[in-house]
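Before any comments, here is the structure.
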Amino acid sequence: MYFCHSFQIWQQFPQLAAGLLVVEGIHSQVDAEARLQPWFQRARQRLSEGAESQMPEVAAWRRTYTQMGLKPTKYRSAAEALLRRFKREGELPRLHPLVDLCNAVSLAFALPVAVFDLAQVDSFLEVRHAAGDEQYLAFSGEIEVPPPDEVIFADAANHVHARRWTFRQSRRSVISPETSRALIVSEGMHETAAADAHRLIDILAENITALWSAPHRQAILTAESPRLEFE
């Protein structure tokens with residue numbers, strides 16, 4: 001298996017940096033609660049200093065959405081949407097310890113963090129422009145067909161695992177109690193994205209090792225090193 005961004009994506013968005021983490025041995029029978037709170041507190045502190053839209057990480061994704069021809073206040077990056085919900089509700093629902101951990105760290109870093117069940121991904125996952133014949137399974141159960149040129153996460157079976165880049169993940173590969181192997185992806189567009197993605201992935205790896213003693217592999221992708229292969 002492998003993960004990559006297409007050549008066209010790197011050409012269009014050379015400022016992109018992506019942090020990856022492949023983990024095995026995941027299960028839902030752990031208590032991650034104490035590990036979430038420091039990251040929630042960091043997010044609260046950042047939100048107390050100003051609007052999430054002014055955070056460099058969020059502002060950079062807003063510029064990216066504008067560059068893609070999308071209205072950034074209609075289609076918000078996953079990080080911005082999560083920050084807005086957290087600010088409004090003061091909490092996040094608990095879904096699965098791995099997802100909860102990734103959400104908490106996403107809030108603290110204001111960077112989108114996607115988690116995919118690798119058992120539901122066919123052969124590879126590539127961030128690329130849609131051809132117009134791919135299929136996306138929405139959480140409603142409906143099948144959607146993204147229009148040509150939309151940026152998607154796609155696999156070898158033409159299944160779309162996320163639409164509008166970091167906007168919305170598919171129901172097909174969400175983490176469930178049966179998940180044992182996962183791919184975590186965090187992408188940034190701001191000036192210090194490579195360093196921040198590296199730190200974010202290190203933090204997730206440390207916490208995942210503590211909670212699950214799970215084997216993992218991690219990488220930072222850039223235009224010079226655009227692909228991670230893994231078994």
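Just so you know, all these numbers are worked out from the coordinates, no wet-lab data involved. Quick caveat, the model's predicted, so the values are computed rather than measured. Positions of Cβ are backbone-derived with ideal geometry, glycine not excepted, and every protein chain shown enters the neighbour counts.
Using Cα springs under 10 Å in a Gaussian network model of the chain, which residue among Gln120, Gln54, Gln218 shows the largest mean-square fluctuation?
Among Gln120, Gln54, Gln218, the largest mean-square fluctuation in the Gaussian network model of the chain belongs to Gln54.
Can you give the charge dipole size of the range 1-126 about its Cα centre, rounded to the nearest 20 debye, using +1 on the beta carbon of Lys and Arg and -1 on the beta carbon of Asp and Glu?
The calculated dipole for the range 1-126 is roughly 700 debye.
If you add up the charges near Gly25, with Lys and Arg at +1 and Asp and Glu at -1, over every other residue whose beta carbon is less than 15 angstrom from its beta carbon, what do you get?
Local net charge: -2.
Select from Asn103, Ser170, Gly25 the residue farthest towards the positive end of the dipole of the chain; place +1 on Cβ of Lys and Arg, -1 on Cβ of Asp and Glu, and compute about the Cα centre.
Asn103
What FRET efficiency, computed as 1/(1 + (r/R0)^6) with R0 = 45 Å and r the Cβ-Cβ distance, is obtained for Val145 and Arg199, rounded to the nearest 0.05?
Rounded to the nearest 0.05, the efficiency is 0.75.
Which whole-Hz ³J(HN,Hα) couplings does the range 191-205 yield from phi under the Karplus relation 6.51 cos²θ - 1.76 cosθ + 1.60, θ = phi - 60°, glycine and proline marked x?
4, 9, 4, 4, 5, 5, 5, 4, 5, 4, 5, 4, 5, 4, 4
To the nearest 20 debye, what charge dipole does the range 113-231 have about its Cα centre, counting +1 at the Cβ of each Lys and Arg and -1 at the Cβ of each Asp and Glu?
240 debye
Apply 1/(1 + (r/R0)^6) to the Cβ-Cβ distance of Glu33 and Asp133, taking R0 = 30 Å, and write down the FRET efficiency to the nearest 0.05.
Efficiency at R0 = 30 Å is approximately 0.10.
Using modelled backbone amide H atoms (1.01 Å from N, in-plane), which distant-in-sequence or interchain residues come within less than 5 Å of His5's amide H?
Val127
Pick out, in residue order, every one of the trypsin sites (Lys or Arg not before Pro) in the range 51-104 that is DSSP loop and has at most 11 other C-beta atoms within 10 Å; say none if there are none.
Within the range 51-104, the qualifying trypsin sites (Lys or Arg not before Pro) (loop, at most 11 other Cβ atoms within 10 Å) are Lys74.
Please list 164-171, 96-103, 224-231, 124-131 highest first by mean number of surrounding beta-carbon atoms within 10 Å per residue.
Result, highest mean Cβ count within 10 Å first: 96-103, 164-171, 124-131, 224-231.
Is the shape of the range 112-231 best called rounded, prolate or oblate, per the rule: a/c under 1.5 gives rounded, else a/b larger than b/c gives prolate, else oblate, with a ≥ b ≥ c the square roots of the Cα gyration tensor eigenvalues?
In terms of gyration-tensor shape, oblate.
Report the residue, chosen from Asp31, Asp117, Asp196, that carries the largest GNM mean-square fluctuation when the chain is represented by alpha-carbon nodes joined by springs under 10 Å.
Asp31
Just check the chain against the gyration tensor rule for me: Cα atoms, a ≥ b ≥ c as the square roots of the eigenvalues, rounded for a/c under 1.5, and otherwise prolate or oblate depending on whether a/b exceeds b/c.
The shape class here is rounded.
Please give the charge dipole size of the chain, origin at the Cα centre, charges +1 on K and R Cβ atoms and -1 on D and E Cβ atoms. Round to the nearest 20 debye.
So the dipole magnitude of the chain works out to roughly 820 debye.
Does the range 1-70 come out rounded, prolate or oblate, given a ≥ b ≥ c as the square roots of the eigenvalues of its C-alpha gyration tensor, rounded meaning a/c under 1.5 and, failing that, prolate meaning a/b above b/c?
Oblate.
Just need the relative contact order of the range 2-229 here, percent rounded to a whole number, with Cα pairs under 8 Å and 6+ apart.
The value is 36 percent.
Per-residue HN-Hα couplings for the range 149-163, Karplus 6.51 cos²θ - 1.76 cosθ + 1.60 at θ = phi - 60°, whole Hz, x for Gly and Pro?
Those phi angles translate into 6, 5, 7, 9, 9, 10, 10, 5, 8, 6, 7, 9, 9, 7, 10 Hz.
Pick from Ser173, Ser48, Ser140: which residue has the top mean-square fluctuation in a GNM of the chain where Cα pairs under 10 Å get a spring?
Comparing Ser173, Ser48, Ser140 in the GNM, the peak value goes to Ser140.
When DSSP beta bridges are limited to those with both residues in the chain, what percentage is antiparallel, rounded to the nearest 5?
Taking every DSSP beta bridge with both residues in the chain, the antiparallel ones total about 85 percent.
Full-extension gain between Glu49 and Thr192, please, as 0.36 nm times their residue separation minus the C-alpha to C-alpha distance.
This chain segment gains 49.5 nm when fully extended.
For the range 189-230, report the convex hull volume of the alpha-carbon atoms normalised per residue, in Å³, without decimals.
Per-residue hull volume (Cα only) is 66 Å³.
Taking the Cα centroid of the range 119-156 and of the range 21-78, what is the distance between the two, rounded to the nearest whole Å?
Value for the Cα centre distance between the two parts: 22 Å.
Could you run the Karplus curve 6.51 cos²θ - 1.76 cosθ + 1.60 with θ = phi - 60° over the range 168-173 and give me ³J(HN,Hα) per residue in whole Hz, x for Gly and Pro?
8, 7, 7, 5, 4, 10
Run the simple label-point estimate for Ala210 and Arg171 please: 7 Å along Cα→C-beta, distance reported in nm.
Result for the modelled spin labels: 3.6 nm.
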